[in-house]
Amino acid sequence: MAKRHFPVRPNLEQLRHQAKDLLRAFRRGDAEAVVEFREYLVTRIEIDSRIPGLQQKETWGTRTSMEQVRLADAQFVLARSYGLPSWARLVTACRMTDAIWRGDVEAVRAMVMKDPRLLEEDARGVKGNWGPPMSYAANLGQNAIIEMLRGMGAADLEFAFNRACLQGQIGTARRLHEMMGRPRPRDGALTDPAYTLNVEGTELLLKLGARVYDDEGKRLAPVHEVLETDGRNPAAKHRILELYAEYGFEYPDTAVMALHRGRVDLLEEHLRRDPELLRRRFAWEEIFPPELGCHDEVLATHGTPLGGTTLLHICADYGEIEIGRWLLERGADVNVRATVDAEGWGGHTALFSTVVSQANFWMNHHGREPEAPFTKLLLEHGAEVNMRASLRKELHPGYEVPGMFEYRDVTAVSWGERFHFRKLVNEKAVEMIREAGGVE
């Protein structure tokens with residue numbers, strides 16, 4: 001099993017430096033490096049007993065000391081830790097992906113001519129979402145490379161088409177669709193651009209005949225993917241959900257679904273029918289309806305727990321600031337607490353949801369300057385900064401941080417300071433709450 005994640009666009013020079021660092025760590029007896037060599041090095045080595053953590057000499061083969069371990073061994077270990085069979089394959093993967101990014105048709109052609117197996121193997125040398133070279137090129141809209149690879153026998157047309165739709169490479173998707181003979185998109189094709197919240201890819205698939213229901217009336221529109229994806233883009237989410245409706249999909253007539261769709265006109269009608277709407281707390285199943293394919297509180301990506309919360313809490317996690325502003329203008333209480341369950345979990349306000357939210361993930365992941373407009377909005381409307389709640393959270397398995405983490409009697413500040421997965425935390429929000437008098 002790979003210990004490291006091989007990047008979408010690996011950098012060979014960085015990897016060479018990483019191999020040298022790994023060799024140095026091994027030679028000084030670093031415990032983690034020793035474990036990696038023990039796990040991955042096929043050429044067996046004798047490890048000197050002075051390495052910390054080893055009680056006796058372990059015979060790993062013909063070499064007799066740490067000093068005899070070579071850079072080539074470290075390169076091999078590093079490649080294996082990324083899931084590649086050898087350093088040579090890692091180098092090929094770096095050169096292939098770099099050539100595709102640069103649009104270097106001749107470099108890609110030369111590599112495939114030298115080793116035709118590269119047509120079918122993933123461009124990165126490891127199984128992943130970006131696929132073989134033609135599909136990898138489709139992600140980037142590299143049409144000339146696609147044409148060349150197709151001429152050399154590349155057959156991953158459908159996967160490449162799906163990736164082009166996912167990435168919004170519409171010209172590329174149309175060309176691939178022609179290469180495929182212009183079939184109706186397979187049932188389920190809408191899922192890929194739903195995950196990335198790609199409006200253009202969704203619209204193209206629907207125009208080409210992608211279905212929102214099958215012949216028996218079973219739902220095909222991936223509404224659950226739009227609601228549960230790790231991305232946050234309110235305008236794109238609204239448009240995709242409306243595109244499904246334009247092609248015949250029918251939604252439940254609920255206030256939460258009106259929020260998801262960005263339909264303030266429908267929210268106005270729900271508020272007219274239900275004057276208590278702005279204080280109402282919604283169960284998990286109302287926010288993520290199982291009849292639309294939605295999952296439980298672990299598989300639906302979100303930050304601060306959403307079960308038993310108000311429309312304002314939901315807006316905070318999704319970054320729906322315009323609807324949040326509308327709710328406050330209509331009289332929503334900024335300090336309404338979420339439901340507290342029988343074990344005492346819950347009771348948080350929407351302010352907590354601005355501190356730890358899915359909307360923060362990509363901001364932190366890409367290293368963007370932190371912003372906290374929703375926190376600012378709530379503070380301007382009188383959010384109490386030192387209310388306390390008890391919260392527990394289990395992350396989506398894709399984040400690779402297993403287990404349930406519990407936080408008793410925390411304020412919004414301490415919720416942010418103590419939360420175990422920092423990419424969901426908005427440091428700017430914590431700073432603003434502190435400046436407003438918030439404490440741990």
(message) I need to check one value: relative contact order of the chain, counting alpha carbon pairs closer than 8 Å and at least 6 residues apart, in percent.
(response) 8 percent
(message) Quick one: 3J(HN,Hα) in Hz for segment 332-342, Karplus 6.51/-1.76/1.60 with θ = phi - 60°, rounded, Gly and Pro as x.
(response) 4, 7, 5, 10, 5, 8, 6, 4, 9, 7, 4
(request) Select from Gly308, Leu271, Val91 the residue farthest towards the positive end of the dipole of the chain; place +1 on Cβ of Lys and Arg, -1 on Cβ of Asp and Glu, and compute about the Cα centre. (result) Val91
(request) Order by neighbour count: Trp345, Trp284, fewest other Cβ atoms within 10 Å first, most last. (result) Trp284, Trp345
(message) Could you identify which residue out of Gly307, Gly217, Gly141 has the top mean-square fluctuation in a GNM of the chain using Cα springs shorter than 10 Å?
(response) Gly217
(request) Starting from the Cα of Glu178, step 7 Å along the direction of its Cβ; do the same at Glu435; then give the gap between the two resulting points in nm. (result) 5.4 nm
(request) Taking P(r) over Cα pairs in 10 Å bins from 0, in percent as the quantity of interest, determine which of (i) 4, 18, 22, 22, 19, 12, 4, 0, 0; (ii) 4, 20, 31, 25, 12, 5, 2, 1, 0; (iii) 5, 22, 34, 27, 10, 2, 0, 0 was computed from the displayed structure. (result) (i)
(message) Can you give me the long-range amide H partners of Leu197? Hydrogens built in the peptide plane at 1.01 Å from N, cutoff under 5 Å, separation of 5 or more residues or another chain.
(response) none
(request) For Arg9 and Arg330, compute 0.36 nm times the residue count separating them, minus their Cα-Cα distance, and round to one decimal in nm. (result) 110.8 nm
(request) List Thr339, Thr310 from most exposed to least, where exposure is judged by having the fewest other Cβ atoms within 10 Å. (result) Thr339, Thr310
(message) Only four residue types carry charge here, +1 at the Cβ of Lys and Arg and -1 at the Cβ of Asp and Glu. Report the dipole size of the chain about the Cα centre in Debye, rounded to the nearest 20.
(response) 1700 debye
(message) Which residue, Gln142, Ala436, Pro193, has the largest displacement toward the positive end of the dipole of the chain when charges sit on each Cβ (Lys, Arg +1; Asp, Glu -1)?
(response) Gln142
(request) Note the angle between two axes, namely the Cα long axis of helix 157-167 and the longest principal axis of the Cα atoms of the chain, as a number of degrees from 0 to 90, rounded to the nearest 10. (result) 50 degrees
(request) Treating the Cα atoms of segment 319-382 as identical point scatterers in vacuum, please give the log10 of the normalised Debye intensity I(q)/I(0) at q = 0.18, 0.26 Å⁻¹, two decimals. (result) -0.74, -1.14
(message) What's the magnitude of the charge dipole for segment 89-179 around its Cα centre, counting Lys and Arg as +1 and Asp and Glu as -1 at the beta-carbon? Answer in Debye, nearest 20.
(response) 140 debye
(message) Please list, ordered by chain and number, the residues whose modelled amide H lies under 5 Å from the amide H of Phe282; skip anything fewer than 5 residues away on the same chain.
(response) Gly308, Thr309, Thr310
(request) Determine the alpha carbon to alpha carbon distance for each of Lys3/Lys393; Lys207/Lys237; Lys127/Lys218; Lys127/Lys207; Lys237/Lys376; Lys393/Lys428 and list only those over 29 Å. (result) Lys127/Lys218; Lys127/Lys207
(request) Report the local net charge at Glu440: Lys and Arg +1, Asp and Glu -1, summed over other residues whose C-beta lies under 14 Å from its C-beta. (result) +1
(request) Take each of the peptides 428-440, 25-37, 198-210, average the number of other beta-carbon atoms within 10 Å over its residues, and list them starting from the highest. (result) 198-210, 428-440, 25-37
(request) Can you tell me the order of 240-250, 313-323 when each peptide is scored by its average per-residue count of other Cβ atoms within 10 angstrom, highest first? (result) 313-323, 240-250
(request) Could you pull out which residues in segment 163-186 have an amide N less than 13 Å from a spot 7 Å beyond the Cα of Ala235, following the Cα-Cβ vector? (result) none
(request) Report relative contact order for segment 255-435 in percent, whole number only (criteria: Cα-Cα under 8 Å, sequence separation at least 6). (result) 21 percent
(request) Would you mind calculating the gained length between Ala245 and Val401 on full extension (0.36 nm times residue separation, minus the Cα-Cα distance), in nm to one decimal? (result) 52.5 nm
(request) Find out how many positive minus negative residues lie around Phe374, taking Lys and Arg as positive, Asp and Glu as negative, among other residues whose Cβ is under 13 Å from that of Phe374. (result) -1
(request) Specify the residue with the greatest mean-square fluctuation among Lys127, Lys218, Lys423, computed from a Gaussian network of the chain linking alpha-carbon atoms under 10 Å apart. (result) Lys218
(request) With everything on Cα atoms, drop me the angle between helix 31-40 and the longest principal axis of the chain, reported from 0 to 90° to the nearest 10. (result) 70 degrees
(request) Could you work out how far apart the two model spin labels at Glu147 and Arg418 are, taking each label as a point 7 Å from the Cα in the direction of the beta carbon, and quote it in nm? (result) 6.1 nm
(request) Quickly work out the Asn364-to-Arg109 label distance, labels modelled 7 Å from Cα along the C-beta direction, and quote it in nm with one decimal. (result) 4.7 nm
(request) Determine ³J(HN,Hα), in whole Hz, for all residues of segment 304-310 in sequence, where each value follows from phi through the Karplus function 6.51 cos²θ - 1.76 cosθ + 1.60 and θ = phi - 60°; x replaces Gly and Pro. (result) 4, x, 9, x, x, 10, 9
(message) Output the 0 to 90 degree angle, nearest 10, between the alpha-carbon long axis of helix 264-273 and the longest principal axis computed from the alpha carbons of the chain.
(response) 40 degrees
(message) At a 10 angstrom cut-off on C-beta neighbours, averaged per residue, how do the peptides 395-403, 254-262 rank from highest to lowest?
(response) 254-262, 395-403
(request) Would you calculate, for the chain, the mean residue ellipticity at 222 nm contributed by helices, counting each DSSP H stretch of 4 or more residues as -39,500 (n - 2.57) and dividing by all residues, to the nearest 500? (result) -13500 deg cm²/dmol
(request) Could you list the trypsin sites (Lys or Arg not before Pro) in segment 351-401 that lie in coil according to DSSP, counting only those with at most 10 other Cβ atoms within 10 Å of their Cβ? (result) Arg368
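Taken together, the values in this text are just the output of simple stated rules run on the coordinates, not laboratory data. Because the structure is predicted, anything quoted here is derived from the model rather than measured. Note that each Cβ is placed from the backbone with ideal geometry, even for glycine, and that neighbours are counted across all protein chains shown.
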